[in-house]
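K.L.:
What follows is a structure written as structure tokens; I'll ask about it next.
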Amino acid sequence: MLRTILLGPPGAGKGTQAAKIVEKYGIPHISTGDIFRENIKKGTELGKKAQEYMNRGELVPDDLVIEIATTRLLEDDCKNGFLLDGFPRTVYQAEKLDEFLQSHDSKIDNVIDIAVGKDELIERLTGRRVCKSCGASFHVVNIPPKQEGICDYCGGELIQRADDNLETVTNRIDVYEDQTMPLIDYYEKAGTLTHIDGSTGLDNVFADIVSALGE
Ligand code: AP5
Ligand code: MG
């Protein structure tokens, strides 16, 4: 069973690697950031609440995120494993997730921590372009699409995320260091953590993840 968390700062490559992991292992990809962006696009109440925090690069309040994530985990497709991306992000969220899983006779099997230096994170995020239709991630220099402004996979329009400007990116990284980094210690103690160097190129990072998760 693969019940996995992808941990790592904004821009570490969680979304990029998640796409490859779900393809290889056939488990659902659960990104709380994606769920919020979907709700913002649809104009739901949840989207309106989340947007003000996201635009500032701050965390959406714990209780709201925990509710969204645990509701998603109850869906049928999570019975044989799942990949969490961007959740949990605070020790409180991690504790609530553990309680939730325990109450369903379940647990987290692996936590992958993808590490990348701050300067590179800033360069990656300010140059990122995402597909408006399928959400695929590109980078203007590092991972350019075959045709500028157009998604390689679905032909959708590539746009810049609202929180990928320099000011918000810097704040997101500070918030990560302050509120999310303590999770490294939390999962180290739980014995489920694997550290991965996220600066070695897309395929090398993926190969390291596969050796941590097993073929
Ligand atoms: P979320 O959507 O989770 O954003 P994030 O954590 O800031 O991470 P990103 O999605 O920006 O980066 P990534 O690691 O996925 O990198 P990517 O693969 O795209 O959260 C957004 C917001 O929602 C939060 O700020 C918060 O407000 C809210 N939120 C979400 N979850 C929450 C929670 N649990 N609690 C509270 N609030 C929550 O790659 C980045 C770039 O680098 C791309 O351009 C990519 O092409 C490039 N790249 C990737 N890999 C490589 C590589 N190996 N080499 C070179 N370039 C690479
Ligand atoms: Mg992401």
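K.L.:
Does segment 188-209 hold any residues that are assigned to a helix (DSSP H, G or I) and either touching a residue at least 24 places away in the same chain (Cβ under 8 Å) or over 12 Å from GLN17 (Cβ atoms) (or both), and which are they?
P.N.:
GLU188, LYS189, ALA190, LEU202, VAL205, PHE206, ILE209, listed by residue number.
K.L.:
Now, a different point. Among the residues that make up segment 165-187, is at least one of them open to solvent by less than 30 Å² (accessible area, probe 1.4 Å) and in a loop (DSSP other than H, G, I, E, B)?
P.N.:
No, segment 165-187 has no match at all.
K.L.:
Just to be sure I understand the filter: pairs with C-beta atoms under 9 Å, separated by 6 or more residues or on different chains, first member in segment 137-154 and among the acidic types (Asp, Glu) and within 12 Å of ligand 1 (Cβ to nearest atom), second member outside any loop (DSSP other than H, G, I, E, B) and open to solvent by less than 40 Å² (accessible area, probe 1.4 Å). Which pairs pass?
P.N.:
ASP152/CYS131; ASP152/PHE138
K.L.:
If you don't mind, another one. Filtering segment 60-86 down to residues that are crowded, with 19+ Cβ neighbours inside 10 Å and in contact (Cβ under 8 Å) with a residue 60 or more places away in the chain, which residue is farthest from THR170 (Cα to Cα)?
P.N.:
PHE82
K.L.:
Quick check on ILE68: is it in a helix (DSSP H, G or I), within 16 Å of ligand 2 (Cβ to nearest atom) and closer than 26 Å to HIS139 by Cα?
P.N.:
no
K.L.:
Among the residues of segment 131-164, which ones are within 14 Å of ligand 2 (Cβ to nearest atom), of a type in the set (Asp, Glu) and either in contact with a Ser or Thr (Cβ under 8 Å, 6 or more places away or on another chain) or not in a loop (DSSP other than H, G, I, E, B) (or both)?
P.N.:
Selection gives ASP164 alone.
K.L.:
Continuing with this model, one more query. Can you name the residue in segment 1-50 that is more than 10 Å from ligand 1 (Cβ to nearest atom) and of a type in the set (Asp, Glu) and, of all such residues, is least open to solvent (accessible area, probe 1.4 Å)?
P.N.:
GLU38
K.L.:
Something else now. Identify all residues within segment 23-43 that are within 13 Å of ligand 2 (Cβ to nearest atom) and either among the aliphatic types (A, V, I, L, M) or not in a helix (DSSP H, G or I) (or both); write none if there are none.
P.N.:
HIS29, ILE30, SER31, ILE35
The values are calculated or read from the model by the stated rules, or taken from the named source; none is laboratory data. Quantities reported herein were computed from a predicted structural model and do not represent experimental measurements. Counting neighbours? That spans all protein chains shown, and the Cβs are built from the backbone with ideal geometry, glycine included. Just the protein is used for accessible areas: all its heavy atoms, side chains included, with ligands, DNA and RNA removed. Shrake-Rupley method; radii C 1.70, N 1.55, O 1.52, S 1.80 Å.
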